[in-house]
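**Student:** I am attaching a structure below and will ask some questions about it afterwards.
Here, each number is a calculation from the coordinates, and none is a lab measurement. Please read these numbers as outputs of a predicted model, since none were measured by experiment. As a convention, Cβ positions derive from the backbone with ideal geometry for all residues, glycine included, and neighbour counts pool all protein chains shown.
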Amino acid sequence: MKILKGSSIIEVVIATALISIAILSALSLTNNSQKTNDSARNVEEANKYATQATDWLRSERDSLGWATMAAKTPGTYCLNNLPIPPANFGDITREDCIETDFIGGNTIFQRKIIINTSNADKAAGVVKILVQVTWLEKIMRETSIEMELTKWN
């Protein structure tokens, strides 16, 4: 019996196909991992912007007094840029963010606050505020923080 040496064309094709499948699987996994990392980075950045706004609102309550917070008309306020002193919370105007309003002018994020306080809440010494940060990945994404600013001395 004669032993043949070498590989047949079928063996080479099968080996090439298996190696190709392995390489494509690795590339697909890398691509999905990168998308997940980008999404997580955006969530982290959005949470930073939302927390920045809540900290600013608390400091405004502390410096201007609770009455200034309570005097704001309920509604939506675009807060893409925090007012720079001497401007303050009392100076922001009631308006929704437009399509081209982004935090800092060059990010993918929009930030707004929604004051949702009834007269009964104000009488009880509470101002309810929702801070929302939105951005567009493949779909519109959002993170939000609900807060209650209370009257305290």
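**Student:** With each label point set 7 Å from Cα along the Cα-Cβ vector, what nm distance links Ile145 and Leu18?
**Tutor:** The answer from the label model is 5.5 nm.
**Student:** Which residue, chosen from Thr107, Ala50, Ala26, occupies the Cα position most advanced towards the positive end of the dipole of the chain, where the dipole is computed from +1 (Lys, Arg) and -1 (Asp, Glu) charges on Cβ about the Cα centre?
**Tutor:** My answer, from the dipole projection, is Ala26.
**Student:** Do any GluC sites (Glu not before Pro) in segment 1-108 lie in a loop, going by DSSP, with at most 10 other beta-carbon atoms within 10 Å of their beta carbon, and if so which? Mind dumping the intermediate values first?
**Tutor:** Values: sites: Glu11, Glu44, Glu45, Glu60, Glu95, Glu99; in loops: Glu99.
Here the GluC sites (Glu not before Pro) that fit, given the DSSP loop and packing criteria, are Glu99.
**Student:** Between Leu27 and Asp91, how many nm apart are label points set 7 Å from Cα along the C-beta direction?
**Tutor:** 5.4 nm
**Student:** Okay, moving on. With r as the distance between the Cβ atoms of Arg41 and Ala120 and R0 = 35 Å, compute the FRET efficiency 1/(1 + (r/R0)^6) and round to 0.05.
**Tutor:** On the way: r = 41 Å, r/R0 = 1.18.
Once rounded, the FRET efficiency stands at 0.25.
**Student:** Run the dipole for the chain about the Cα centre, Lys and Arg Cβ at +1, Asp and Glu Cβ at -1, nothing else charged, and hand back the magnitude in debye, nearest 20. If you can, show how the numbers build up before the last one.
**Tutor:** Values: 16 positive and 17 negative charges, 96 e Å.
I would put it at about 460 debye.
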